[in-house]
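**Student:** The structure that follows is given in the form of structure tokens.
Coordinate-derived values only; no laboratory data. If you're wondering where the values come from, they're calculated on a predicted model, not measured in any experiment. Virtual Cβ from ideal backbone geometry, glycine too; neighbours counted across all protein chains shown.
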Amino acid sequence: MKCPGQDPRYWKFDAIFDTECPNCGAKLEFFKDETRRKCKNCGEYALNPKMDFGCAAHCKFARQCFGDLPPELIKQKEDLFKDRVAIQMKLRLKNDFKRIGHASRVASAVERLIGAEKAKPAVLLAAAYLHDVEPTDQSFTIDHAHQRGTSAAREILENLNAPQELIEEVCEIINNLDNPQNYQSQNLNLVHDAHLLASLQEKMKKAELGENYLSEVIERDFLTDSGRSLAYELTPKHTPLLRAVENE
């Protein structure tokens, strides 16, 4: 069965329409079910301005429905998935604004790092948002914090119909976040550095820190060059630096 929005039997008079090429302004004729069309004047591809790509963000049959998804749509699909994961994280943590803020800071740092690395945005952002959530099954004890995190992340991602490969990689990252040497992965290293950066930012609000000590932490504990560079970039250089709080 075809999606009604893509089935010509349900089309009306406006199923074929004209629009302008966003690159050169030439006239383009679109059919309602075309995701994009190549401009005969300039050769650039234009997205269908009237097509709602929202369902492609959560439908595993989107490629069969829309055909070869253009790069712009793939990016939009990843962004929509990221937003849905963030919403589920906030719903799970409810009024725990401290942990919501922490997860959001980790995700923000991850987004900064993605641009400098060949990484998987959907994997990294899902791990960033879900690394500290609680499962609905409260049978785990505090001694099994990693299992709690991976259990909750798996539950949320499965409910979002995420690909199994993505779910497994996210759970591996969360499970090894404190011990990255146990699971060699550039994606894990990036989430680790984003998490460390968010933790340093939070600790910097509590007590003074000597500049030399902070530099030592950055050089010793960050695992990627891009993470180290971002840590220096976001560290105040002309205001009193703050002292890291010992193990909390």
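**Student:** Can you work out the FRET efficiency for the pair Ile16 and Asn161, with r the C-beta to C-beta distance and R0 = 30 Å, to the nearest 0.05?
**Tutor:** 0.35
**Student:** Here is a further query. Subtract the Cα-Cα distance of Lys94 and Asn23 from 0.36 nm times their separation in residues, and report this length gain in nm to one decimal.
**Tutor:** In short, 21.1 nm is gained.
**Student:** Ok, one more. Counting other C-beta atoms within 10 Å, which of Lys75, Lys203 has the fewest, and how do the rest follow?
**Tutor:** In increasing order of surrounding Cβ atoms, one gets Lys75, Lys203.
**Student:** While we're looking at this one, here's another question. For Thr19, Thr35, what ranking results if the residue with the fewest other Cβ atoms within 10 Å of its Cβ goes first?
**Tutor:** Thr19, Thr35
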